[in-house]
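The values are calculated or read from the model by the stated rules, or taken from the named source; none is laboratory data. In this text, all values refer to a predicted model and were calculated from it rather than measured experimentally. All Cβ positions, even for glycine, are placed from backbone atoms using ideal geometry, and neighbour counts span all protein chains on display.
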């Protein structure tokens, strides 16, 4: 995975019940160099589809319990499919999203933008 590998690790840890607690002390300083683009920003739809499919399948049991997390990664996959012009896969996934949570209807304006291109 070249996209969201940190999230995949986090989901797998949470899925096996890893314990965690916040650290109240700042451990690092972050300097943002705008001349350098991060891996996350060097997004390609192909890499996105691969990574988000993997996250959804590898973490399926945990994501069944976490509706918001599932919706987030399903939505990421949905729009990666559209960027690849794979409308068939996008439509199938969108239908699954609607069946799981009818409030996903709020995505229709964005979906229509891709459908009408």
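Every residue in region 1-23 that is assigned to a loop (DSSP other than H, G, I, E, B) and either surrounded by 14 or more Cβ atoms within 10 Å (Cβ to Cβ) or on the phi < 0 side of the Ramachandran plot (or both), please. Outline the logic, then answer.
The first filter runs over region 1-23 and keeps only residues assigned to a loop (DSSP other than H, G, I, E, B), leaving 1-4, 16-23.
Correct list: 1, 2, 3, 4, 16, 18, 19, 20, 21, 22, 23.
Test each condition in (1) modelled with pLDDT of 90 or more; (2) under 12 Å from the mean Cα position of the chain (by Cα); (3) surrounded by 20 or more Cβ atoms within 10 Å (Cβ to Cβ) for residue 97 and report the one that comes out false.
Exception for residue 97: condition (2).
Restricting attention to region 24-65, and to residues there that are at pLDDT 85 or above and in a loop (DSSP other than H, G, I, E, B), which single residue is nearest to residue 11 (Cα to Cα)?
59
With surrounded by 14 or more Cβ atoms within 10 Å (Cβ to Cβ) and more than 13 Å from the chain's Cα centre (by Cα) as the only criterion, which of 69, 89 stands out?
Testing whether each residue is surrounded by 14 or more Cβ atoms within 10 Å (Cβ to Cβ) and more than 13 Å from the chain's Cα centre (by Cα) leaves just 89.
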